[in-house]
Amino acid sequence: MTDISTNAHGAGWRRGLAVLLLGGTTIAGFAAFQGRVLAAAPVNAPPAAAPAGTAIVPDFADLVARVKPAVVSITTHLKPDAAAQEQGIPTPFGMLRPSHPQAVEARGSGFIINANGTVVTNNHVVKGAATVSVILDDGTRLPARVIGTDPRTDLAVLKIDAGHPLPYVALGDSNAVRPGQWVVAMGNPFGLGGTVTAGIVSARGRNIGEGPYDSFIQVDAPINQGNSGGPLFTQTGQVIGINTAIISPSGGSVGIGFAIPSEMIKSVVAQLEASGHVTRGYLGVETQPVNAAIASALNLPKAQSNVRPGHDGALVASVQPDSPAAKAGLQPGDIIQAVDGKPIGTPRDLAIDIADMKPGSPAKLAVVRDGTPRHVDVVVATLPGEKVASAKPAADKARVGLALAPLSPNIRSQLSLPDGTSGAVVADVQQGSPAAQAGIQQGDVIVGVGNKTVHSVEQATSAIRSAEAGKSLALRILRNGHAAFVAIDLSGANAG
């Protein structure tokens, strides 16, 4: 965003503000109203006491003073291709992009969660960054290292070293948050670090279509571009969310913002800290909501189908071969209504609950089949392609800088690829690597290495590793439905 002091729109903003101020002055200056003279209170008179039982508007000054030192600004120096992608903010739903998106340098927000300098922010704040730095509340600028990222939940963990213990904040219990509760948002909107806004929780469990595990806290506290990754505090000073997205026709706040809940943050951050990646549970079913017509056609018990229409479970539309669901005997037409006793209202509930489970752990599903309730025991597996989403270089990342994942049906769907497409999807690109310098992006699909077509991660990895050091490597990729060759210069890569 341009500086309002030099922008024509900024001048209009100031004129508009002046009119409002003049209007207020005019109203205050005239003491007559409908023929009655309004008595003026003495300038130094003490404020009148509030009537008994009157609610007092909360003051957040002490809270802000206590938590503000743990809130940081994050500066990312974007690679040119990443900077080009950051133009504007999508509508109606928009991620809170770092401010000044037209520049190679962009800014977002974050917060420190331990004295050792672990910082939590959004994945989209650091995505495509060549370098990342963190600015503390006292103005100290420190280089930051990306420990790990998780695009599915839009979370990232950074590490800074200040040489001394740092102030930090604790993650609270987002499950205890209630609509109507006061909250405070802090961050770096439009590059204005240390900004504080307040509002209330508007709703919980919002699905805005940004990812498979959407369960946002909706707030009306004003948040804008640059607030990405900033904390959402309760009045007790605990973080119950990360400000991540807004609904806006203009790119500015209209009072509808969304924060990732702290319970999700705890789980993802713990895994990123431990291993640099997130491993999720996998069931292997495609599901859809249960409506009244489907409930009737599938003989769903009437007492259950009429409780909350549209919130009666997840209807299994298909079962993937050799998946945990297939091995457990789940069938199309089954309606999953609970996992380990926890009710399942929608397919999203099922996806979140299964993803939270540790691969290899057993689960008991409450299922309705042909109108008859039953239980199905299943052993959860690892979601395909999850383990490679790591910021830590793997053996084949050292030379080229790529982490590859299998092209599963789910990934094909996300990338809008035809069912028969084969190859290997780029799950991560190491910062500063030959692949990054060549412009390879996360989500590119490698379908060939040189003149050789590849159909799997194994084939792609083998072909890439066989390339001679000191020469260029040609990758044939699919990006946004278009095929292209990209040359990677290996002259500076090691031969490892």
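Computed values, structure above
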read-out	value
Of Lys342/Lys364; Lys68/Lys266; Lys68/Lys127; Lys127/Lys452, those spanning more than 19 Å from alpha-carbon to alpha-carbon	Lys68/Lys266; Lys68/Lys127; Lys127/Lys452
Stretch gain in nm, segment Ala176-Arg374, where the contour uses 0.36 nm per residue and the Cα spacing is subtracted	68.1 nm
Relative contact order, percent, the range 332-385 [alpha-carbon distance under 8 Å, six or more residues apart]	37
Accessible area per residue, Å², the range 147-271 with all protein chains present, probe 1.4 Å	35
Net charge, Ile135 excluded, C-beta distance under 14 Å - Lys, Arg +1, Asp, Glu -1	0
Those aspartates and glutamates that a straight Cα-Cα span of less than 14 Å connects to Lys327, excepting residues fewer than 8 apart in one chain	Asp377
Amide N of the range 151-187 lying under 20 Å from the label point, which is placed 7 angstrom from the Cα of Arg141 along Cα→Cβ	158-164, 187
Sequence ranges 197-203, 223-229, ranked by mean other-Cβ count within 10 angstrom, highest first	223-229, 197-203
Exposure rank, largest accessible area first [Val196, Val72; 1.4 Å]	Val196, Val72
FRET efficiency for Asn410 and Ser361, using Cβ-Cβ distance with R0 set to 35 Å, rounded to 0.05	0.95
Local electrostatic count at Val319 - Lys and Arg +1, Asp and Glu -1, tallied over other residues with Cβ under 11 Å	-2
Candidate residues Arg178, Arg66, Arg280: accessible-area rank, largest first, probe 1.4 Å	Arg178, Arg66, Arg280
For the range 416-421, Karplus couplings with θ = phi - 60° (6.51, -1.76, 1.60), whole Hz, Gly/Pro x	6, 9, x, 4, x, 5
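The values are calculated or read from the model by the stated rules, or taken from the named source; none is laboratory data. It should be emphasised that the depicted structure is a prediction, and the values quoted were computed from it without experimental measurement. Don't worry about glycine lacking a Cβ; one is built from the backbone with ideal geometry, like all the others, and counts go over all protein chains shown. Side chains included, ligands, DNA and RNA excluded: accessible areas come from the protein's heavy atoms. Shrake-Rupley method; radii C 1.70, N 1.55, O 1.52, S 1.80 Å.
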